[in-house]
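Enquirer: Pasting in a structure now, in structure tokens, and then I'll have a few things to ask.
The values are calculated or read from the model by the stated rules, or taken from the named source; none is laboratory data. Just so you know, these numbers come straight off a predicted model, no measurement behind them. For neighbour counting, all protein chains shown are included, and Cβ atoms are generated from backbone atoms with ideal geometry for every residue, glycine included.
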Amino acid sequence: MYPLRRCCGFCAVLFCCLTAALPTASASDSTFPFGSSLMLDEAPQPGSKRVPMIEIDKDGTASFYLWCANVRGSANVGDDTINIVPTTPLPSQCSQEEISRDAGLLAQLSQMTGWRRQGDEIDLLGTTTLRFRLMTN
């Protein structure tokens, strides 16, 4: 009875040690998630379910889905640097408040100079920090 318990206990300890030593893919991944949707870590505005998202492809093409409007642009992403250049938003049927909010977010994105990643969180760094979450569903 004791040898069986000792063997099972040894296997359990060995399993715990091995799994603790293995890095998880999302926590250790420090590459920029090109081609993925990044959602702004902020609650939707009252009366809306929409939250801004961005997508940046490896070729530098960028799409910005703002509070109301959608905008195309470009982004140059380095190891820890980023330069975002959105185009002028097309006229849309947005309220003046939504247009103002979109313009403010575009201005913030244009001032980003760096980025860092921790798991599924991507922080864009500039005069302010904008936190985005990688859409994993």
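Enquirer: Kindly provide the set of residues from the range 108-137 that are farther than 15 Å from Ala75 by Cβ, aliphatic (A, V, I, L, M) and either modelled with pLDDT of 95 or more or touching a Gly at 6+ places or on another chain (Cβ under 8 Å) (or both), ordered by number.
Expert: Correct list: Leu134 only.
Enquirer: Within the range 23-45, does at least one residue satisfy the condition of being among the aliphatic types (A, V, I, L, M), out of contact with any Lys or Arg (no Cβ under 6 Å at 6 or more places or on another chain), under 18 Å from Asp123 (Cβ atoms) and at pLDDT below 85?
Expert: Yes - at least one qualifying residue is present in the range 23-45.
Enquirer: Same structure, new question: Quick one: how many residues across the range 58-117 are of a type in the set (A, V, I, L, M, F, W, C), assigned to a loop (DSSP other than H, G, I, E, B) and closer than 19 Å to Leu134 by Cα?
Expert: 3
Enquirer: Across the range 81-137, what is the number of residues that are β-branched (Val, Ile, Thr), touching a Leu at 6+ places or on another chain (Cβ under 7 Å) and either at positive phi or surrounded by 16 or more Cβ atoms within 10 Å (Cβ to Cβ) (or both)?
Expert: 3
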